[in-house]
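Notes follow once the structure below has been shown.
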Amino acid sequence: MHKASTNKNNIEYNPQEIEPKWQAVWSKEKIYQPDLKTAKKPYYNLHMFPYPSAEGLHVGNVYAFTGADIHGRFKRMQGYSVFQPFGLDGFGIHSENYALKVGSHPMDQAQKSEKRFYKQVESLGSGYDWSRTLETYDPDYYRWTQWIFIELFKAGLAYRDKVPVNFCPSCKTVLADEQVEGGKCERCGSEVEKRHLEQWMFRITEYAEELLSGLDKIDWTEKVRIAQKNWIGKSEGARIAFRVEGTETDISVFTTRPDTLYGATFLVVSPEHPFVASLPRRAKSTPRVLASLKRRREHPKGTSFSEAAQRAIKEYVEAAASKRDQDRVAEGKEKSGIFSGAYVVNPINNQQIPIWIADYVLMSYGTGAIMAVPAHDQRDYEFARKYQLPIVQVVEGEGADIAKEAYVGNGKLINSGDWNGVEVAKDKAKTIASLEQKGIGSKFTTYHLRDWLISRQRYWGPPIPMIYCESCASNNKSWFDTEKAKGIKRLFSHFDNTRDLVAGWYPEEKLPVALPSIEDYKPLGIHSAGSLQSGGQAGQANSPLGNHPEFYETTCPACGSKARRETDVSDTFLDSAWYFYRYISPQDSKHPWDPSLQAKWLPPTLYTGGAEHSVLHLLYARFLAKVFKDLGLISFDEPFPRFFAHGLIIKDGSKMSKSKGNVVNPDDYITKYGADTLRSYLMFLGRFSMGGDFKDSGLEGMSRFIKRVWTLATGKTIISKDLDASAKSEMHKTIKGVSDDLEALRYNTAIAKIMTYYNYLSGKTDVAKEEIVTLLKLLAPFAPHMTEELYQRLSFSASSSFESIHTSSWPEFDPGAVRQLADVVIAIQVNGKLRGTLRLRSGQAVTEEEVRSLAKKDANVSKQLEGKAVRKVVFVPGKILNFVIS
Ligand code: ANZ
Ligand code: ZN
C-alpha cells in the first residue's frame, strides 16, 4: 500500500473500487457478526424492517437504514458488541399487491425482490450481521408466526366473531382499524366499506390499560407516544342505569359527563343495541308501548301500529348497518334517528324520557347507549332540534347561549337539585360519588381501542393454523374441552363466557401449515350466492385457499369427523410484531427464539423507524410482548425501551411516491458518487428526526467534502508529534460534540462539527497523525469505506493482522484538554453608552465582581469613570455591565 502513494492514479478517490472491496473484507473478517453467546457488552441496534415490495430500495429506506447504522457503528467503536440484523417483511398484502401489479406469482416475486433488495442493501455498506437474515415468508419463520397464533388461542386471546369490519373493495379483504386512515385503506387508498363478517380477532383490548401505562416507562419520540396514547383513548366517566318503563330491565349508558344527568332529556341506543332487537317482542307483550305511540300519533292509519313502527325501525337499523362508523359520528353530519316507542326513567329526577335509536351512537364503544344532554353536547343538540326534543340547560357559564348551540364550557350546575352550584370541570368526582351513594351509577372507564382483527381473505400470508369441525361445533365442543387444554395457562377467566366464539375450533399441532403454491391466488372478494364455489359461503368474504379442497380438507383432531382448515391467512402485522425475537436465533428449529440468548439480547437496545407505525406495528409489537411475558416466554414486557422516530425524505416538496414520479433510486447515486457520499449527504439534510428535502445539488456539495478529506489524508504531510494545547483543545472539543450528537442521533450537527474540524486541520501546514486518525474515526460511521481505506493506507492500525477502523476504539474525550468552550463577549457601558467590550472565555470571570474589576482595567472605561461616583452597576451575566454614574 505504500507503493500506492507514489502512484498518483491510485490515490485518487475511487468509491466504485474501494466500496465493494471493503464490503468483501468486512464480510470475510466477520466484523459485524458478534458471537451472541459470548459477547460481553450486548447492544442490539434494530431498525424497522422493510417491505421489499416496491421496485427495490428507495432513498427513504436508505435514509432510515443509514441513520440506524451510524448509531450502531458509533456504539461498536465504543466497545459494544453491536448486533444489527437485516431481513424482509415480504409476506402479506403489501407484497402481494405489488406482485399482482407486475403480474408475477407472489412466490416468484418474493425470490426476485429478495435477491435485488439484499444486493442493494449490501451496496450501502451498513454493518449488518448477514448470517442472521430472515424473511417472513420463509416456512421456517412463519411456522412460528402460526405457533404464536395458537399460543394466543390457547390463552383465550384469539376468538372468532361476527363483527362489523372495514372492508377494502380494492384489496378485497378486511382491514384492522389501525389500517384505515381517514376512511381509506392504509395500503391502496381506496374508500373502506363496512361489512359484517365472521373473523378472527385478538383480544388486544384486554391489555388496554397496560399498553397505556407502559408508555410512561419507555423512552420514545414524544409524538409517537402521544399518538399511541390517543389511539388507546382512555376515557373516564360513569355508567348510569336507566330503567325501561314497565319492565325490569335497565339500559346502561356510558358518559364522561355524569354531572349533566339532570339535563338528560332522552336516551339514545345504537341501532345494533340488543334493546332494539328486543323491541318486536316487547311490542307484542306490552300494550303500553302501543298506547304511548298512539298518544304521539305516530301510528299511521290503516295499519297495525306495531307493524308499521317495526318496519320503520327495521329499515332504519338496516340502513345504519352499512354506514361506516366515522361517517356516523362525524361532527356536522346531519343526524338521523327513530323513536323506539319506549321510555326510561331518569334515575336522578324520576322523569320519563323517550328512548331513541340513532346511528351516531356506536355499539362498539362504551355501552352502546347514551344519555342525551342536548344543552351540553352538540350532537345531542342537533338531534334534539331536528326531532323537537326538550333541551334543559344544567350548566351556567360564560358565553352560554342554549338558544344557539350546546354549551360545552365550564361553569356551575343549575337546575340540578342538590347538585346546584357544583363546578363542572373540577368536581366530576363529587357527582360520581353522589351517584354511587344513590345507587344509580358508578365510576367507569372505557377505551377507544378495539380488538385486533387478524384474518385476511388473501393468499400471500401464513395460513391461520386452525381446524373447524362442524360436528364438534354443534355439540358446543372445542379444543378447550380436550385433555391438553387442562394444563394450559389461561390468561383471562372471562374467556369462559365466550366459549361459543370458539366452538368447533382446534389448533393444528403440526406446523407449519404450509402455504400451497396455487395459480388462482387472486383475491376473490365477497361471495354472492350465485358466485359460490365449493369453499364459499354466501355473504362471506372468501379466500383463494377456499377453492382448494386439497388444502382445506382434513379430519377433526378430536372426533375424527371430516373437518375443514381455516382458509384465511393472518394479518401482515402479525409477521412483523415478533421478528426481532427471531433474529437472535433464526435457525432454531425447536423454539421461536433461543431462550438463553433472549435474556441476554432482548429487548433491542435501540429501535429506529418511521413514526407512521405508531398505532400499527409499534402497538401490535407491544401487545405481543405483554402476552409473551404473561405466558412466561420472555422476561420483559416492553419490546422497545428506546424508540427513535426518524423523519421523512421528501423530494420537490412532497413525500416520494411512484404516482408523483419523484422516487429517487439510490443505485444511480451510489454509482455516481459512492455510498459514503450518499450516506453522509442524507444525514446532513436536516435533523434525523425531521427528515429533509433531497436535492442533487446538495449531493454535489457532500461529494466535494468527502473528496477534500481524502485529499487531506493523502496529500498533507502527516507527522508524528505531540499536539500543542490549542490543537488538543480543538480536537477534544470536536470529539465531545460529535460523540454527544451520535448518542442522540443528531447527525447533521455531528457532520457540521466534523467539517469545522476539517477546516481547522486543512489550514495547518502539517497535521499530526493523531489528528488525522481522530478525523477519520469521527467520520467513520458516516463514510465507512473511505475512512477504512485511508486508515489502512496510512497504516494506522496498530496490529499486523487486519484491524478495521470500525472495530478500533472511539476517540476518548479529555475534558481537561478543552481550553475554551466558547468566547463570551460582554458590552461595557457607562450610563448606557458602549465604552468597551470584554472578551472572556466561558468559565472565566463569571461573577459580577470579577467582570467589574476586569472592566475597570479597560483604558477607555477607566477614563470615563475617572473621578466619578458610581451610583449603581447593572449586570446582565454574559452580556452587559453598565456603570451608572452621576
Ligand atoms: C352525556 C354527555 C353530556 C356527554 C355532555 C358528553 C357531553 P369520549 O370522550 O370519546 O369517551 N358516548 C358514549 N358512548 C357513545 C357511543 N357508543 N357512541 C357515541 N357516543 C357515545 O366521549 C364520551 C361521550 O360520548 C359520552 O359522554 C357520551 O355522551 C358519548 F354534555 O354523555 B356523553
Ligand atoms: Zn370434531
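The values are calculated or read from the model by the stated rules, or taken from the named source; none is laboratory data. Bear in mind the structure is a predicted one, so any value in this text is a computation, not a measurement. All Cβ positions, glycine included, derive from the backbone under ideal geometry; neighbour counts span all protein chains shown. Note: areas computed on protein heavy atoms with side chains; ligands, DNA, RNA excluded. Shrake-Rupley method; radii C 1.70, N 1.55, O 1.52, S 1.80 Å.
Screening the stretch 543-584 for residues that are of a type in the set (D, E, K, R) and part of a helix (DSSP H, G or I) and picking the one that is nearest to the chain's Cα centre (by Cα) gives Asp575.
Here is a check on your reading of the model: is Glu398 without any contact (Cβ under 8 Å) to a residue 60 or more places away in the chain, part of a helix (DSSP H, G or I) and among the acidic types (Asp, Glu)? Walk me through it before giving the result.
Values: without any contact (Cβ under 8 Å) to a residue 60 or more places away in the chain: yes; part of a helix (DSSP H, G or I): no; among the acidic types (Asp, Glu): yes.
No; evaluated as a whole, the condition is false for this residue.
In the stretch 618-630, is there at least one residue being out of contact with any strand residue (DSSP E or B) (no Cβ under 9 Å at 6 or more places or on another chain), open to solvent by 30 Å² or more (accessible area, probe 1.4 Å) and modelled with pLDDT under 95? Checked against the condition, which is being out of contact with any strand residue (DSSP E or B) (no Cβ under 9 Å at 6 or more places or on another chain), open to solvent by 30 Å² or more (accessible area, probe 1.4 Å) and modelled with pLDDT under 95, the stretch 618-630 yields at least one hit. Among the conditions (1) assigned to a loop (DSSP other than H, G, I, E, B); (2) charged (D, E, K, R); (3) farther than 16 Å from Ser614 by Cα; (4) in contact (Cβ under 8 Å) with a residue 12 or more places away in the chain, Asp259 misses just one, which is (1). The residue that is nearest to Asp177 (Cα to Cα), counting only those in the stretch 603-613 that are open to solvent by 10 Å² or more (accessible area, probe 1.4 Å) and in contact (Cβ under 8 Å) with a residue 40 or more places away in the chain, is His613.
Given the criteria open to solvent by 20 Å² or more (accessible area, probe 1.4 Å) and without any contact (Cβ under 8 Å) to a residue 24 or more places away in the chain, does Gly701 qualify? Spell out the reasoning first.
On the way: open to solvent by 20 Å² or more (accessible area, probe 1.4 Å): yes; without any contact (Cβ under 8 Å) to a residue 24 or more places away in the chain: yes.
Taking the combined requirement at face value, the residue satisfies it.
Residue count for the stretch 316-336 satisfying the condition of being of a type in the set (Lys, Arg) and more than 17 Å from Gly183 (Cβ to Cβ): 1.
Among the residues of the stretch 333-351, is there at least one that is farther than 30 Å from Leu197 by Cβ, free of Cβ contacts under 8 Å to residues at least 40 places away in the same chain and not aromatic (Phe, Trp, Tyr)?
Taking the stretch 333-351 as the starting set, the residues that turn out to be farther than 30 Å from Leu197 by Cβ are 339, 341-351.
Next, from what is left, pick out any that are free of Cβ contacts under 8 Å to residues at least 40 places away in the same chain: 350-351.
Adding the requirement that they be not aromatic (Phe, Trp, Tyr) leaves 350-351.
Yes.
Only residues that are at pLDDT below 95 and closer than 27 Å to Lys438 by Cβ: list them for the stretch 352-366, please. Tyr365, Gly366, listed by residue number. Are any residues in the stretch 335-366 part of a strand (DSSP E or B) and either within 15 Å of ligand 1 (Cβ to nearest atom) or in contact with a Lys or Arg (Cβ under 8 Å, 6 or more places away or on another chain) (or both), and if so, which ones? If the condition is that a residue be part of a strand (DSSP E or B) and either within 15 Å of ligand 1 (Cβ to nearest atom) or in contact with a Lys or Arg (Cβ under 8 Å, 6 or more places away or on another chain) (or both), then Gly337, Phe339, Ala342, Val344, Val345, Asn346, Ile353, Ile355, Trp356, Ile357, Ala358 are the ones that fit.
Does any residue of the stretch 803-818 turn out to be charged (D, E, K, R), in contact with a helix residue (DSSP H, G or I) (Cβ under 6 Å, 6 or more places away or on another chain) and closer than 30 Å to Tyr63 by Cβ? I'd like the intermediate steps shown before the answer.
From the stretch 803-818, those charged (D, E, K, R) are 803, 812, 814; that's our starting set.
Going one step further and asking which of them are in contact with a helix residue (DSSP H, G or I) (Cβ under 6 Å, 6 or more places away or on another chain), we end up with 814.
Now narrow it down to the ones that are closer than 30 Å to Tyr63 by Cβ: none.
No, every residue in the stretch 803-818 fails to be charged (D, E, K, R), in contact with a helix residue (DSSP H, G or I) (Cβ under 6 Å, 6 or more places away or on another chain) and closer than 30 Å to Tyr63 by Cβ.
Being among the hydroxyl-bearing types (Ser, Thr, Tyr) and out of contact with any helix residue (DSSP H, G or I) (no Cβ under 7 Å at 6 or more places or on another chain) is a condition met by no residue of the stretch 221-233. As for the stretch 625-644, it holds no residue that is over 11 Å from the mean Cα position of the chain (by Cα) and within 24 Å of Cys185 (Cα to Cα). Across the stretch 719-756, the qualifying residues are those that are part of a helix (DSSP H, G or I), among the aliphatic types (A, V, I, L, M) and open to solvent by 10 Å² or more (accessible area, probe 1.4 Å), and the one among them that is modelled with the lowest pLDDT is Ala725.
Within the stretch 95-119, the set of residues being open to solvent by 10 Å² or more (accessible area, probe 1.4 Å), out of contact with any strand residue (DSSP E or B) (no Cβ under 8 Å at 6 or more places or on another chain), assigned to a helix (DSSP H, G or I) and in contact (Cβ under 8 Å) with a residue 60 or more places away in the chain comprises Ser95, Asn97, Leu100, Met107, Arg116. Within the stretch 238-256, being within 16 Å of ligand 1 (Cβ to nearest atom), of a type outside the set (Lys, Arg) and touching a residue at least 24 places away in the same chain (Cβ under 8 Å) holds for Ala238, Ile240, Ala241, Phe242, Ile251, Ser252, Val253, Phe254, Thr255.
Restrict the check to the stretch 513-526 and report whether at least one residue is within 16 Å of ligand 2 (Cβ to nearest atom), open to solvent by less than 50 Å² (accessible area, probe 1.4 Å), at pLDDT 65 or above and outside any loop (DSSP other than H, G, I, E, B). If you could, list the steps in order and put the result at the bottom.
Step one: filter the stretch 513-526 for residues within 16 Å of ligand 2 (Cβ to nearest atom), giving none.
Within the stretch 513-526 (the criterion being within 16 Å of ligand 2 (Cβ to nearest atom), open to solvent by less than 50 Å² (accessible area, probe 1.4 Å), at pLDDT 65 or above and outside any loop (DSSP other than H, G, I, E, B)), the answer is no, since none of the residues qualifies.
Out of all the residues in the stretch 350-397, which are β-branched (Val, Ile, Thr), within 27 Å of Asp177 (Cβ to Cβ) and crowded, with 21+ Cβ neighbours inside 10 Å?
As a first pass, look at the stretch 350-397 and keep what is β-branched (Val, Ile, Thr): 353, 355, 357, 361, 367, 370, 373, 391-392, 394-395.
Subsequent filtering for residues that are within 27 Å of Asp177 (Cβ to Cβ) retains 357, 361, 367, 370.
Within the stretch 350-397, Ile357, Val361, Ile370 meet the criteria.
Whether a residue is open to solvent by 10 Å² or more (accessible area, probe 1.4 Å), part of a loop (DSSP other than H, G, I, E, B), on the phi < 0 side of the Ramachandran plot and of a type in the set (D, E, K, R) was assessed, and Arg160 does not pass this test.
Results for (1) surrounded by 16 or more Cβ atoms within 10 Å (Cβ to Cβ); (2) modelled with pLDDT under 90, shown as yes or no for each residue.
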residue	(1), (2)
Ser808	yes, no
Gly816	no, yes
Gly832	no, no
Gly843	no, yes
Glu848	no, yes
Lys856	no, yes
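Given the criteria surrounded by 13 or more Cβ atoms within 10 Å (Cβ to Cβ), in a helix (DSSP H, G or I) and among the aliphatic types (A, V, I, L, M), does Val824 qualify? Full working, then the answer.
On the way: surrounded by 13 or more Cβ atoms within 10 Å (Cβ to Cβ): yes; in a helix (DSSP H, G or I): no; among the aliphatic types (A, V, I, L, M): yes.
Criteria not met by Val824.
Candidates Ala375, Ala406, Ala369: the one that is within 12 Å of ligand 1 (Cβ to nearest atom) and touching a strand residue (DSSP E or B) at 6+ places or on another chain (Cβ under 6 Å) is Ala369.
Scan Gln199, Gln146 and give me the residue that is buried (at least 21 other Cβ atoms within 10 Å of the Cβ) and either acidic (Asp, Glu) or part of a strand (DSSP E or B) (or both). Explain how you work it out, then say what you get.
On the way: Gln146 fails: either acidic (Asp, Glu) or part of a strand (DSSP E or B) (or both).
Of the residues listed, the single one that is buried (at least 21 other Cβ atoms within 10 Å of the Cβ) and either acidic (Asp, Glu) or part of a strand (DSSP E or B) (or both) is Gln199.
Taken over the stretch 202-236, residues that are assigned to a helix (DSSP H, G or I) and farther than 30 Å from Trp505 by Cβ amount to 15.
Residues are listed down the side, and each one gets a yes or a no for (1) within 16 Å of ligand 2 (Cβ to nearest atom); (2) surrounded by fewer than 16 Cβ atoms within 10 Å (Cβ to Cβ); (3) modelled with pLDDT under 90; (4) aliphatic (A, V, I, L, M):
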| residue | (1), (2), (3), (4) |
| --- | --- |
| Leu413 | no, no, no, yes |
| Ser416 | no, no, no, no |
| Ala429 | no, yes, yes, yes |
| Ser434 | no, no, no, no |
| Trp452 | no, no, no, no |
| Pro465 | no, no, no, no |
| Ser471 | yes, yes, no, no |
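Among the candidates Arg239, Arg297, the residue that is among the basic types (Lys, Arg), at pLDDT below 75 and not in a helix (DSSP H, G or I) is uniquely Arg297. Considering only residues in the stretch 235-249 that are closer than 26 Å to Asp427 by Cβ and open to solvent by 40 Å² or more (accessible area, probe 1.4 Å), the one that is nearest to ligand 2 (Cβ to nearest atom) turns out to be Arg239.
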